[in-house]
Amino acid sequence: MGNLSKAAASAWCLVAVLIAACGGGSSGDEDGGDPSPSPLSEAQAARLLAQGTFGPTRAGIDAATGRTAEDWVQAQLQLAPTSHAARCRQLPSDAGAIDRNSRTDAWWQISLTAPDQLRQRVAFALSQIMVVSDQSDLGNSQEGLCQYYDILVRNAFGNYRTLLQDVTLSPQMGRYLSMQGNSKPDEAAGRRADENFAREVMQLFSLGLVQLNNDGSAKRDSSGEPLPAYTQTDTENLARTLTGWSWGGSSGYSSPVNWLDPMKAFDAQHDTTAKTLVGNVAVPAGGSATADLAIALDTLYRHANVGPFIGKQLIQKLVTSNPSPAYIARVASAFNDDGRGVRGNLGAVVSAVLLDREARLGLEANANFGKVREPLLRQTHLWRALDAVPPAGGRYSYRGAQSELGQLPLASPSVFNFFSPGYVPEGELSAANLVTPEYQLTNESSVARAANRIFVSLYVDYVGNSSSAASSIKIDYSRIGAYAGSIDALIDELDTVFMSRQMPVEMHQLIATHVANYSADNGGRARAQEALYLILTSPQYMVQQ
Amino acid sequence: MASSWTRRDFLRCSTATAMGLSTPRSLLGLLGGGLAAGGAQAASGDYKALVGLFFMGGNDGFNVLVPRDTLRYATYAATRTNLALSQSSILPLMSDLPPVPAAPPLVPYDYGLHPAMPELKSMFRAGRAAFVANVGPLVQPVTKADVQAKRYLPAQLYSHSDQQEQWMAYAANASPRLGWGGRAADLMASANSNPRLSMNISIAGKNLFQLGSSTVPYTLSTSGVTKFQLMSGNAAANRRMSTFRSLLTQASADQAFEAYAGNMTTRSIDLGLEVDAALTAAPTITTVFPTDALGSQLAMVARTIAAREKLGMSRQVFYVSMGGFDLHDSLLEEHPALLASISKGLAAFDAAMTELGLSQSVTTFTASDFGRTLTSNGDGTDHAWGNVHWVTGGAVKGGQVYGSFPNQTYNGPDDAGTGRMIPTTSVDQYGATLLRWFGASESDLDTIFPNLNRFASRGLGFV
């Protein structure tokens, strides 16, 4: 789609908005969630894969073209999960330890090559919602972190209630937000329950800060102030409810540290007094740690905020930063009831996110449609689309992500992730009140670092270059280079796999003029490099629409 | 330092007391003379910089500055229980005399410092550091009754993300979200001769504090400017750069999402060349900085200040940050290393400013999400509100504790509940004191801190 057609789409949408406004405000449901199922064009297939995988590949686009979006999603929902812990354990250090390289090499390999791409992409999104980080003593067990990631992979299409419990009882979350070893209060010693997990599980993993309508908008009091979702007293009471959990397996309450088994209940350390949770849910006196945990997690799971709160974040992570309220409401409704009376079916939520008309129509449905590609996903996209191969031995050993890309799975600075879902950058976006979470990582320094990483990926680390380090992941120019005899054909192919055929015509022309300075010799590599460098460092590519 | 109470010690402590609630009226008469004697000298040239250190996660400031006089220490220890620092371990700040077994105002206010911060103690004793007690976001002064009635409160108290924003934003509940460092730069931009480079420079990425309506902070990494490889040095690179710039121009005219990245990238390229050249030409600083995360950020601030003339800057606001303070667990084990890093980093930075002849011209201040509960949750503390902060630099009227140190009694008059101290100094008052020194006019301050007039004083006079 060129600039002209993008503008036309915006104008169309403006008309649509005006009509809706004159009609008194439609709930949006009359438009339905799914557009009528029709076979995907090549460009539509590429768009869907940009939203639902770690980056479209030529083979992936060919396989999806001609099928419906629903078919593709359904097929992905059926694929067996690829385990990070299993792969991680196959990649020990020379000294035999499962270290950080084991974990991240496994992550790159699975993200780049596993067939269950949608599941892995959703797990990656969840890893930025239910955040733990190895920038803490969790780094003492990278194997444990691989297992934590598997919780997200395993439950990506499962039920939110199970996900919430598995995360809550994981030793990683237990230690990261200090529910592990959270003992019942002792007034004589002046000791309270630890509020850390209790607060963040509500603020970040389930409810959010304010009471929400199903469309994600805040409920407000009579003076227009948003109503808080919970009070400090709710936090304190949840903290007491979640006392009495510590290391699992055969460990005792305090030791030894056990990073691999789920936490287990120690009822002697559990506060058995009566508690009242958010929404006035009673936890009766005398309950065990396990029984009280069930009441607590059920309370959060049943809260009306979860559908819009988690649903909106999944939309933002996969599809668009500023979804319409109607889109959020449709996704939240899928959370509330998957059509078979089940609440919290994440497979149904993910389907609703990707198959919604707004997701499929993009700018034609919402003039503010689009999201910024996050740094890790730009790197996976580059390697997937350019047929990257691992070094001899098969380890996908890229270890520079944290310093070069400013992002690494399970390594954010705090439980608030690398960027906030509500981040509004300055200038025009602020004036329009548009969030672009991923831009929180974008500054004068990071754009240059990112460009320099792209330079290395394109001009140094390719198959056949003797100056590329033996341990590098290398792209293979043989397929892309074959297009280079025709500059337009080359740019069109890159437009398809990287920009879902949305490259503005002026951009195509600029790149073509530049590439014409290079010959098609050496398998077309120089032409491919020049075109790729300009595309992948461009703001036009940075925004996924 | 004198081993007995001197008149100067007494004056310092009484100045601190002047900000307290229970000031003997007779001491106020002495106060004026003490402050006048400690007035700042003229700055070198006309250069001033403010350096904000943000401790992400909520620093436990009430284990940084601890009452040392025996009765107040006993209250502290009773509320902190197993997390109290021992009275013998804290570094004596006001004098080296043994703690006095009474409480102010019968005896001078006495304080000790966390044992991991000897460098900060030396700066305090040299009059180059001051503490400000019980600062936090407020929309207006509040009493315990207000807190219990949930009125006049900042939104979402005790939430990390919200209270970070309230510390950085120019008014606790304002929208749009702009920072007080950014609003100051908006109003004072004409002070700098170079219109291309922002007054506000971040060594720690995006932040609300430095964002104004026309001010966008410029980000440096700890190694300086990150240059685009492959974009200069030969004909092919120049051609590539030329095409790239045309793409950026196209993007800047496109949808807002793309325009933002286009403008950011253009700024990165253009300013990168200019700033890099200035940093390269600047005098080398010989002061050795710690190589940890904070030390390297402060070293980069110092390098940038050294390049101020080439950069055409006479007013600058810097942002550095440090994480790891959310110590719900292992407070006594993990806090000391964080505080040691701060103490060493600040001392190196202070020495570097003296080396540059800017001893009177650069002031650093601390900020953090919130203070922490005085009470223990086992081996750590939870989110609270009022906190202890500190300012350093030659212009600081140091050796004193400003503000009103709270009554640390459990469920006492200053406790919002379970040892959460109700702030008695607002971020607005703290910021206004800093920005007044920086050169903001009183009317600027009313613009930057619209709620400032709701508080009894418009500043604390610590710099």
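The values are calculated or read from the model by the stated rules, or taken from the named source; none is laboratory data. Just so you know, these numbers come straight off a predicted model, no measurement behind them. A quick note on method: Cβ atoms are made from the backbone with ideal geometry, for glycine too, and the neighbour counts reach across all protein chains shown. Quick note on the areas: whole protein, heavy atoms, side chains included, nothing else; ligands and nucleic acids left out. Shrake-Rupley method; radii C 1.70, N 1.55, O 1.52, S 1.80 Å.
At a glance:
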| read-out | value |
| --- | --- |
| A:ARG121 being open to solvent by 20 Å² or more (accessible area, probe 1.4 Å) and either over 18 Å from the mean Cα position of the chain (by Cα) or more than 14 Å from chain B (Cβ to nearest Cβ) (or both) | no |
| Qualifying positions in region A:469-478 - open to solvent by 70 Å² or more (accessible area, probe 1.4 Å) and in contact with a helix residue (DSSP H, G or I) (Cβ under 9 Å, 6 or more places away or on another chain) | A:SER478 |
| In region A:261-280, the residues that are out of contact with any helix residue (DSSP H, G or I) (no Cβ under 9 Å at 6 or more places or on another chain) and free of Cβ contacts under 8 Å to residues at least 24 places away in the same chain | A:ALA274, A:ASN280 |
| Some residue of region B:150-171 being more than 11 Å from chain A (Cβ to nearest Cβ) and surrounded by fewer than 18 Cβ atoms within 10 Å (Cβ to Cβ) | yes |
| Those residues of region B:80-101 which are open to solvent by 10 Å² or more (accessible area, probe 1.4 Å) and of a type in the set (Val, Ile, Thr), in sequence order | B:THR81, B:VAL100 |
| A:TYR459 vs. criteria over 26 Å from B:GLN255 (Cβ atoms), at the interface with chain B (Cβ under 10 Å from one of its Cβ atoms) and either open to solvent by less than 40 Å² (accessible area, probe 1.4 Å) or in contact (Cβ under 8 Å) with a residue 60 or more places away in the chain (or both) | yes |
| Of all residues making up region B:222-239, the number that are more than 7 Å from chain A (Cβ to nearest Cβ) and over 20 Å from the mean Cα position of the chain (by Cα) | 11 |
| Residue list for region A:193-242, restricted to those being touching a strand residue (DSSP E or B) at 6+ places or on another chain (Cβ under 9 Å), hydrophobic (A, V, I, L, M, F, W, C), away from every other protein chain (no Cβ under 12 Å) and farther than 19 Å from A:GLY287 by Cβ | A:LEU212 |
| Test: residue in region B:203-221 that is open to solvent by 10 Å² or more (accessible area, probe 1.4 Å), of a type in the set (S, T, N, Q), within 9 Å of chain A (Cβ to nearest Cβ) and farther than 30 Å from B:LEU452 by Cβ | yes |
| Long-range neighbours under 8 Å by Cβ, at least six apart or interchain, first residue of a type in the set (Asp, Glu) within region B:187-216, second in a loop (DSSP other than H, G, I, E, B) and open to solvent by less than 50 Å² (accessible area, probe 1.4 Å) | none |
| Candidate set: region B:301-326, residues that are outside any strand (DSSP E or B) and within 14 Å of chain A (Cβ to nearest Cβ); chosen: the one farthest from B:SER202 (Cα to Cα) | B:ASP326 |
| Residues satisfying the stated conditions in region A:234-260, i.e. without any contact (Cβ under 8 Å) to a residue 40 or more places away in the chain, open to solvent by 20 Å² or more (accessible area, probe 1.4 Å) and among the polar types (S, T, N, Q) | A:SER250, A:SER255 |
| Region A:50-68, subset open to solvent by less than 10 Å² (accessible area, probe 1.4 Å) and among the β-branched types (Val, Ile, Thr), residue farthest from A:GLN109 (Cα to Cα) | A:ILE61 |
| Unique match (being among the charged types (D, E, K, R) and closer than 22 Å to B:GLN316 by Cβ) among B:ASP276, B:ASP254, B:ASP292 | B:ASP276 |
| Residue under evaluation B:PHE131, criteria (1) in a helix (DSSP H, G or I); (2) open to solvent by less than 10 Å² (accessible area, probe 1.4 Å), criterion not met | (1) |
| Filter pass, A:SER466 being more than 27 Å from B:VAL275 (Cα to Cα), among the hydroxyl-bearing types (Ser, Thr, Tyr) and either more than 9 Å from chain B (Cβ to nearest Cβ) or open to solvent by less than 20 Å² (accessible area, probe 1.4 Å) (or both) | yes |
| Tally of residues being under 29 Å from the mean Cα position of the chain (by Cα) and over 13 Å from A:SER206 (Cβ atoms) across region A:278-307 | 3 |
| Pairs where the first residue, in region A:431-456, is facing another protein chain (nearest Cβ under 8 Å) and the second is of a type in the set (Asp, Glu) and surrounded by fewer than 21 Cβ atoms within 10 Å (Cβ to Cβ), C-beta under 7 Å, 6+ apart | A:ARG449/A:GLU404 |
| Single condition B:THR418 does not satisfy, out of (1) touching a residue at least 24 places away in the same chain (Cβ under 8 Å); (2) away from every other protein chain (no Cβ under 14 Å); (3) out of contact with any Gly (no Cβ under 9 Å at 6 or more places or on another chain) | (2) |
| Residue count, region A:261-277 (criterion: crowded, with 20+ Cβ neighbours inside 10 Å, within 20 Å of A:GLN232 (Cα to Cα) and within 34 Å of the chain's Cα centre (by Cα)) | 1 |
| B:ALA36 being modelled with pLDDT of 95 or more, farther than 29 Å from B:GLN163 by Cα, open to solvent by 40 Å² or more (accessible area, probe 1.4 Å) and part of a helix (DSSP H, G or I) | no |
| Condition broken by B:ARG267, with the remaining ones in (1) free of Cβ contacts under 8 Å to residues at least 40 places away in the same chain; (2) part of a helix (DSSP H, G or I); (3) facing chain A (nearest Cβ under 7 Å); (4) open to solvent by 30 Å² or more (accessible area, probe 1.4 Å) satisfied | (1) |
| Elements of type helices (runs of 4 or more DSSP H) in region A:284-344, at least 2 residues being free of Cβ contacts under 8 Å to residues at least 60 places away in the same chain and among the hydroxyl-bearing types (Ser, Thr, Tyr) | A:289-302 |
| Condition met for A:PRO92 (without any contact (Cβ under 8 Å) to a residue 12 or more places away in the chain, in a loop (DSSP other than H, G, I, E, B) and open to solvent by 40 Å² or more (accessible area, probe 1.4 Å)) | yes |
| Those residues of region A:504-520 which are more than 9 Å from chain B (Cβ to nearest Cβ), not in a helix (DSSP H, G or I) and not hydroxyl-bearing (Ser, Thr, Tyr), in sequence order | A:ALA516, A:ALA520 |
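Results for (1) outside any helix (DSSP H, G or I); (2) under 23 Å from the mean Cα position of the chain (by Cα); (3) among the β-branched types (Val, Ile, Thr), shown as yes or no for each residue.
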site	(1), (2), (3)
A:PRO37	yes, no, no
A:ARG47	no, yes, no
A:GLY55	yes, yes, no
A:GLY60	no, yes, no
A:GLU70	no, yes, no
A:GLN76	no, yes, no
A:PRO81	yes, yes, no
A:ARG87	no, yes, no
